[in-house]
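K.L.:
Would you mind keeping the following structure in view while I ask a few things?
The values are calculated or read from the model by the stated rules, or taken from the named source; none is laboratory data. Computed from a prediction, not measured in an experiment: that's the story for all the values here. Here the Cβ is made from the backbone with ideal geometry for all residues, glycine too, and neighbour counts use every protein chain on show. For accessibility, only protein heavy atoms count, side chains too; no ligands or nucleic acids. Shrake-Rupley method; radii C 1.70, N 1.55, O 1.52, S 1.80 Å.
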Amino acid sequence: MKSMDHLRTYSLLLALLSDVWHNLVTLMRTLTYNVYSSLNVDMLPVEKIIKERPDFRIERHWAETKDGMTLMLYRIHKKDFDAAKVVLLQHGLVENSSTFMTCGNESITHRLVDQGYDVWLASNRASFYGQMTKTESGRVKPNKRIFEPSFWEYSMDELIHLDFPACFDYVLNETKVDKINFVGQSQGCVQVMCSMCEMPQIRQGLKNIVLISPALLLQKYPSNIVIRSMMLIPDSLLGTREFLMFFIVLQQMLPTFLVGFLGYVAARLLGFLQCSPWSYSANKRWSTLFSGILFGCTSVKNIKHWVEVLRRGGAISKYGKTDLYQLDKLIDSWSDKCPNVMCILGDKDYVAD
């Protein structure tokens, strides 16, 4: 009899915790939208950075995916840019296009623009810019679809099959060039390479590909204790929609120096940074850089997709399946007519194998 009473007590407690968690997530979701609504949409983070370079010209563009998602792209160049030198930059997981602009004049975007390139910055669905939509007047506003469960129903597969091709085709059509250059970081590398596995014709529109820390082959159960701990989080706690959306809220509410410091600490714990923890100059520099990155979020389904691959190790597979993206066949079919590829690997990467 006592065991039955205990069981009822545990059941009631779990139901109560579930309700509390659901209400907390709903509150955070509403708070996030309110924070978005208060933003100066005519001066988003990328535009604030570019404002420091009056010789740079910036434009907002919108690409639409086949499933109806609207993705914001930034086009940045100088007045006398070379129209034939087009480059598309694709960010990594829980990031957005501002990732490529955090080092000021030393950042990838600034250097490319200074060298005469026509630079395009892409943002995936549900990243900070991926949660924006345009009005009829051409202004930007938060997308109310973030409250809909369907908005978050995507994994890497959708980023590969829908988001990258949409941005790629849009840039080709707008610039009227035959081939463009590509720079990807981590998950961005997965998008371009796996897209070519599924849609070989994409290779014909690429001239040079630069892969920075490509997460194409993953370690099985990485040694980093934080990553391994995150892999053990039960699905019931992750939920079914957004992952780390509260980061966006915190970045708007906390002081800039604290945001930078927390970003730096998180990067060290995850093994993204390998500099000495006792180096004051290095710590200060990285904290300053992280304060300029407006991290976004991603879907829980996308995180689950990554965890699936990390548990198995090796090449990227499709969500919920053991079917692999055929990177080996893609490489075997490479020829002199295919894009040139440069791969930049970290010396102590805890994720990529």
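K.L.:
So if each residue of separation counts as 0.36 nm, and I subtract the Cα-Cα distance between GLU47 and LEU14, what length gain in nm does that give? Show your work: numbers first, answer last.
P.N.:
Details: separation 33, 0.36 × 33 = 11.88 nm, distance 4.60 nm.
Here the answer is 7.3 nm.
K.L.:
Tell me, in nm to one decimal, what length is gained between MET230 and SER150 on full extension, where the rule is 0.36 nm per residue of separation less the Cα-Cα distance?
P.N.:
26.3 nm
K.L.:
Ignoring everything but the protein chains, give the 1.4 Å probe accessible area of VAL25 in square angstrom, nearest 10.
P.N.:
Counting only protein heavy atoms, the figure is 40 Å².
K.L.:
Would you rank CYS297, CYS343 by solvent-accessible area, highest first, keeping every protein chain in place and using a 1.4 Å probe?
P.N.:
The most accessible residue leads, giving CYS343, CYS297.
K.L.:
Could you give the length gained by full extension between GLN326 and LEU27, i.e. 0.36 nm per residue of separation minus their alpha carbon distance, to one decimal place? Spell out each step's value before the answer.
P.N.:
Details: separation 299, 0.36 × 299 = 107.64 nm, distance 4.22 nm.
Length gained between GLN326 and LEU27: 103.4 nm.
K.L.:
Taking H placed 1.01 Å from N in the peptide plane, check which residues at least 5 places from VAL140 or on another chain put their amide H under 5 Å from its amide H.
P.N.:
For VAL140, the qualifying residues are THR135.
K.L.:
Given a 1.4 Å probe and heavy atoms of the protein chains only, how would you sort TYR154, TYR10, TYR117, TYR350, largest accessible area at the top?
P.N.:
Solvent-accessible surface, decreasing: TYR10, TYR350, TYR117, TYR154.
K.L.:
Would you mind checking which residues have amide H under 5 Å from LEU206's amide H? H placed 1.01 Å from N; only 5 or more apart, or other chain.
P.N.:
ILE180
K.L.:
Got the relative contact order for region 56-152 handy, in percent, Cα pairs under 8 Å and 6 or more residues apart? Write out the running numbers ahead of the final one.
P.N.:
Values: 166 pairs, mean separation 26.7, N = 97.
After rounding, I find 27 percent.
K.L.:
So for region 95-244, taking the charge dipole from beta-carbon charges (+1 Lys/Arg, -1 Asp/Glu), which of GLN185, PHE168, ILE108 sits furthest toward the positive end?
P.N.:
Projecting each Cα onto the dipole axis, the largest value belongs to ILE108.
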